[in-house]
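Below is one structure, written out as structure tokens, with a few remarks after it.
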Amino acid sequence: MEKNNYAFYKEKKSHGNSTYPFTIYKVRMPETFSHFPLHYHGEVEVIHVSEGKGVITVNLKPYVVTAGTIAFISPGILHSMEQLQGHPFVYRNIIFDLKMVLSYTSDESTLNTLLPILANKIYFPVIIDIKNSQNTLLTEYINTMQQIHDARLPGYELAVKAQIMLMIYQLTSNNMLHTDNYYLNTSVGRLKKVLAYINEYYEESISIQEAAKVYGSSASNFMRFFKNTTGSSFIQYLNDYRLNIAQEKLLTTSCSILDIAVNTGFNNLSYFNRMFKHKFQESPSSYRKKYRKLD
């Protein structure tokens, strides 16, 4: 099983490549991981649940989702995923840069729909469950997208872009794109500043006081807010963040474990090893040996 599909940050991780910014893959919780903490990125994300039950949190609002549900994450929106205790949670993740379907000319679809989505002036609906009349057709688009992407016949990129446009058309023509004051939550914007700060300085020591200053409140108020909104303490989140980056480096580089620990903000190797084993149920060296696939 590949365990290097995810690392959570204000994602530095690329999805696809610069000429084809599209990726699709399956996630199985708890085998892949039991939760994917709060993060955001500039791409559109579509989650199609195929089995089990889980919780998708979007801009701090949780949604319980089951098999057949489709969730849309608009660019720049905070979100997280986790399984519900006692249930598997299996879903397809489709992530793409909306710029891949933009027109070079200022046509009406670009001006009226695509650019406003990129600018967070209009948003995708968050949840399309199986009771929604559009679920079946949207699922067909997703299935077709998967087949085209996997087959990769000549010109497949055009066909994938066509499916994306059909999906957006279906939402637009049924008045399902919307503005939502919930997305303008000022606490969300302040929290994103903290996540961006972590993204920038995770290699260094970051105190609760520093994070609270970025957020704009006292340390006690910040700790309370962070715990209530993310489900973990700030230190737990920071360690989780660093461990996910360390996981990625173990699988994709030949750097020593000591260097990886230091470069992800752990100045004590024993502490790093203990934290890594607690999260991934294996020591860093064992994990690397089992899962690394270098060319």
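The values are calculated or read from the model by the stated rules, or taken from the named source; none is laboratory data. Being a predicted model, the structure only gives us computed values, none of them experimental. No Cβ is skipped: glycine too gets one built from the backbone with ideal geometry, and neighbour counts run over all protein chains shown. Each accessible area value is taken on the protein alone, full model and side chains, heavy atoms only, with ligands, DNA and RNA left out. Shrake-Rupley method; radii C 1.70, N 1.55, O 1.52, S 1.80 Å.
Using C-alpha positions alone, give me the convex hull volume of region 91-239 per residue in cubic angstrom. It would help to have the intermediate numbers written out before the result.
On the way: hull volume 26.2 nm³, N = 149.
Dividing the Cα hull volume of region 91-239 by its residue count gives 176 Å³.
So how far apart, in nm, are the two label points at residue 259 and residue 233 if each is 7 Å from Cα heading toward Cβ?
Rounded to a tenth, the inter-label distance reads 3.3 nm.
Just how far, in whole angstrom, is region 205-273 from region 22-91 if you go by their alpha carbon centroids?
Result: 22 Å between the Cα centres.
Angle between the Cα long axis of helix 135-151 and the longest principal axis of the chain, 0 to 90 degrees, nearest 10?
Its long axis makes an angle of about 70 degrees.
For the chain, report the accessible area per residue in Å² (1.4 Å probe, heavy atoms, rounded to an integer). Numbers along the way, then the final one.
Values: 14460 Å² over 295 residues.
Averaged over the residues of the chain, the accessible area is 49 Å².
Of 52, 235, 135, whose Cα points farthest to the positive end of the dipole of the chain (charges on the beta-carbon: +1 Lys, Arg; -1 Asp, Glu; origin at the Cα centre)?
Result: 235.
Find the percent of Cα-Cα distances in region 128-204 that exceed 20 Å, and round it to a whole number.
Values: 1686 of 2926 pairs.
Cα-Cα pairs of region 128-204 separated by over 20 Å account for 58 percent.
Compute the acute angle (0 to 90°) between the alpha-carbon long axis of helix 269-280 and the principal axis of greatest extent of the alpha-carbon atoms of the chain; round to the nearest 10°.
40 degrees
Quick query: amide H of residue 126 versus all other amide H atoms, modeled in the peptide plane; which residues come in under 5 Å with a sequence gap of 5 or more or a different chain?
Hits under the 5 Å cutoff: none.
In whole percent, how big is the carbon plus sulfur part of the accessible area of region 137-292, probe 1.4 Å, protein atoms only? Present the calculation step by step, with values, prior to reporting the outcome.
Values: 4210 of 8300 Å².
Here carbon and sulfur together make up 51 percent of the probe-accessible area.
Using θ = phi - 60° and the Karplus curve 6.51 cos²θ - 1.76 cosθ + 1.60, what whole-Hz ³J(HN,Hα) does each residue of region 252-267 get, with Gly and Pro shown as x?
Once rounded to whole Hz, the list reads 10, 9, 9, 4, 5, 5, 4, 4, 4, 4, 5, 6, 10, x, 9, 8.
Lys/Arg Cβ at +1, Asp/Glu Cβ at -1, dipole of the chain taken about the Cα centre: which of 66, 151, 178 is farthest positive-ward?
Positive-end residue among those listed: 66.
Looking only at region 125-168, which residues have a backbone nitrogen under 14 Å from a spot 7 Å from the Cα of residue 104 in the C-beta direction?
Within reach of a label on residue 104, which here means backbone N under 14 Å from a point 7 Å along Cα→Cβ, region 125-168 contributes nothing.
For the chain, what D do you get in µm² per second when you plug the Kirkwood radius from alpha-carbon pairs into Stokes-Einstein at 20 °C and 1.002 mPa s?
Working: Rh = 20.4 Å.
Using the Kirkwood radius from Cα pairs, D works out to 105 µm²/s.
Could you work out how much longer the chain between residue 269 and residue 204 gets when fully extended? Use 0.36 nm per residue separation minus the Cα distance between them, nm to one decimal.
Full-extension gain reported as 21.9 nm.
What is the angle, in °, between the Cα long axis of helix 219-230 and the longest principal axis of the Cα atoms in the chain? Nearest 10 is fine, range 0 to 90.
With rounding to tens, the tilt is 50 degrees.
Positive end of the charge dipole of region 194-265 (Lys, Arg +1 and Asp, Glu -1 on Cβ, about the Cα centre): tell me which of 222, 252, 207 has its Cα farthest that way.
Most positive-ward Cα: 222.
Could you give the length gained by full extension between residue 224 and residue 61, i.e. 0.36 nm per residue of separation minus their alpha carbon distance, to one decimal place? Walk me through the intermediate numbers first.
Details: separation 163, 0.36 × 163 = 58.68 nm, distance 1.70 nm.
Full extension of this stretch gives 57.0 nm more.
Okay, helix-only estimate at 222 nm for the chain: each DSSP H run of n ≥ 4 adds -39500 (n - 2.57), divide by all residues, round to 500 deg cm²/dmol; what do you get? Let's see the in-between values first.
Working: 10 runs with 121 residues, N = 295.
Helices in the chain give a 222 nm mean residue ellipticity of -13000 deg cm²/dmol.
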